[in-house]
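Heads up: the structure comes next, in structure tokens.
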Amino acid sequence: MNAIEELKDVLPITAALSDEGHLAIGGCDTVELARRFGTPLYVFDEETVRGMCRAFCQEFAARYPDVRVVYACKAYIGRALAALLAEEGLGADVVSGGELAFLASVGFPPDTIYFHGNNKSEAELSEALAYGIGQVVVDNFHELELLSRLVGPLGRRQRVLLRVSPGVDPHTHAKTTTGVLDSKFGFPISTGQAEEAVALAMASPALELKGLHFHLGSPIFELDPYREAIDIVLSFASEMRQRHGLELRELSVGGGFAAQYLPEAPPPPVSEYAEAIVAALRQGCQRRGLPLPRLAIEPGRAIVARAGVALYTVGAWKEVPGVRRYVAVDGGMADNIRPALYGSRYSALVANKPLDGRRQRVTVAGKYCESGDVLLWDVELPPLEPGDVLAVPAAGAYAPAMASNYNASLRPAIVFVRDGRARLVRRRETYDDLMRCEVWPQE
């Protein structure tokens, strides 16, 4: 079995062996892509992105009459991806004015946009209102007051959801757990603050309270946390209906849908997420006599992670006898911070020799001035030589989105591939880009 077959579940669905014996994605030879566009390079397979969009739409729609699939832009957003998402009929959730600006630049339908975030500025909310954003997901009391004040002079009402914290542990990384009591996000249900927020939102003449939102964290490989959180939030909604007249017209269960990074660690298929969430929602509403609300889901990682492959060029190596062999590549924590920040693990293959069956244990280090700048610890790969092209699959989510200019490095180019054609959607940065915001010389 060659490396492409071994990693078929983490590589894009179009991954194949090229005529030259190299890794190909979307009909494009990755070694040629590295030569043409340079490395580090992020390659996104359009067919995989579109396939995941359709999987979420179809699996949930087959089980529930009113579903809105909302892409979580924080996973990665760019203009080409925004246009693709609109073509596939997805909505989008944003957490900043910058993410909204990307969507607005391609004419993304404003009614399908949800604005999240725990500290939206007055400027960002004003920009969202000017664009006609569909839903603002209110996170705290300060925002309730601020949004009411901004909407008032416009002579209309703004649709809102309230983000509540159900107090459910999704059993994921502590830094990406968000639905527990001790979190910076949302109105806690157990403290009574969520009820206070419901009363204030319903009393505001500027706001139209459509429903509730929660987000447990990411990635979530288990289904029970969704079931538990839905039950808690529906109980809360039922109580709010009795006490304050809240009609739950929409329930957003957030995202957290996992992606596969390692062959031995598959997430539940989309169908199982859909079955668990829809069954819990239907049963919960039936038990409490609640009408079925619109269901919103927010996949991000699950849409783009598998579609993206990072390409690096191998450079120096270092042998520590009896300890470890290090091999360095021309990228690292500046383009993918996840291994250093979360201890995230990835797979890899050598794009220019996927048929090479030899194996050597190596640790793949980045080029940046940090001991923690390691992409892969103790992986089995063919012997690596300077000039080899290393491919790291499942790199489409939270890598380009969290990239930095650490060590004054240049953020990498991004290409989309489909049917043998590669299109550059973001060029590599230049030194001029690094200094564009500098004010120099000083007067």
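Residues of the range 82-95 that are closer than 16 Å to residue 114 by Cβ and either touching a Pro at 6+ places or on another chain (Cβ under 9 Å) or buried (at least 18 other Cβ atoms within 10 Å of the Cβ) (or both): 82, 85, 86, 90, 91, 92, 93, 94, 95. Quickly run through the range 296-326 and pick out the residues that are in contact with a Leu (Cβ under 6 Å, 6 or more places away or on another chain) and either basic (Lys, Arg) or crowded, with 24+ Cβ neighbours inside 10 Å (or both). Selection gives 311, 312. May I ask you to list the residues in the range 138-156 that are among the acidic types (Asp, Glu) and either under 27 Å from the mean Cα position of the chain (by Cα) or within 20 Å of residue 113 (Cα to Cα) (or both)? Of everything in the range 138-156, those that are among the acidic types (Asp, Glu) and either under 27 Å from the mean Cα position of the chain (by Cα) or within 20 Å of residue 113 (Cα to Cα) (or both) turn out to be 139, 143. Of the residues screened, residue 89 is not one that is assigned by TED's automatic domain parsing to the domain that holds residue 127 and part of a helix (DSSP H, G or I). Being buried (at least 21 other Cβ atoms within 10 Å of the Cβ) and more than 29 Å from residue 4 (Cβ to Cβ) holds for only one residue in 409, 404, 371, and it is 409. Of the strands (runs of 3 or more DSSP E) contained entirely in the range 347-421, those carrying at least 3 residues that are over 25 Å from the mean Cα position of the chain (by Cα) fall at 360-365, 374-381.
Hey, can you tell me all the residues within the range 331-359 that are surrounded by fewer than 20 Cβ atoms within 10 Å (Cβ to Cβ) and in contact with an Asp or Glu (Cβ under 7 Å, 6 or more places away or on another chain)? Passing the criteria: 340, 359. Name the residue that is modelled with the highest pLDDT, counting only residues in the range 162-199 that are of a type in the set (A, V, I, L, M, F, W, C) and over 23 Å from residue 294 (Cβ atoms). In this case the residue turns out to be 181.
Scanning the range 257-279 for residues that are among the small types (Gly, Ala, Ser) and under 24 Å from the mean Cα position of the chain (by Cα) yields 258, 259, 265, 271, 274, 276. Assess whether residue 111 counts as being in a loop (DSSP other than H, G, I, E, B) and free of Cβ contacts under 8 Å to residues at least 24 places away in the same chain. Considered against the rule, which asks whether it is in a loop (DSSP other than H, G, I, E, B) and free of Cβ contacts under 8 Å to residues at least 24 places away in the same chain, residue 111 comes out as no. Residues that are out of contact with any strand residue (DSSP E or B) (no Cβ under 7 Å at 6 or more places or on another chain), within 19 Å of residue 294 (Cα to Cα), hydroxyl-bearing (Ser, Thr, Tyr) and surrounded by fewer than 18 Cβ atoms within 10 Å (Cβ to Cβ) do occur in the range 226-240. For the range 350-359, check the following and say yes or no: at least one residue is more than 25 Å from residue 25 (Cβ to Cβ) and of a type outside the set (Lys, Arg). No, the range 350-359 has no match at all.
Here the condition is being under 30 Å from residue 55 (Cβ atoms) and in a strand (DSSP E or B); of 248, 234, 212, 262, it holds for 212 alone.
Being surrounded by 14 or more Cβ atoms within 10 Å (Cβ to Cβ) and either hydroxyl-bearing (Ser, Thr, Tyr) or in contact with a strand residue (DSSP E or B) (Cβ under 7 Å, 6 or more places away or on another chain) (or both) is true of residue 137. Of the listed requirements (1) modelled with pLDDT under 95; (2) in contact with a Gly (Cβ under 8 Å, 6 or more places away or on another chain), residue 221 misses just one: (2).
Only one of the numbered conditions (1) more than 30 Å from residue 428 (Cα to Cα); (2) within 20 Å of the chain's Cα centre (by Cα); (3) of a type outside the set (Ser, Thr, Tyr) is violated by residue 133, and that is (2).
The values are calculated or read from the model by the stated rules, or taken from the named source; none is laboratory data. Just so it is clear, the model here is predicted, and its values are computed rather than measured. Cβ coordinates were reconstructed from backbone atoms using ideal geometry, including for glycine residues, and neighbour counts include every protein chain displayed.
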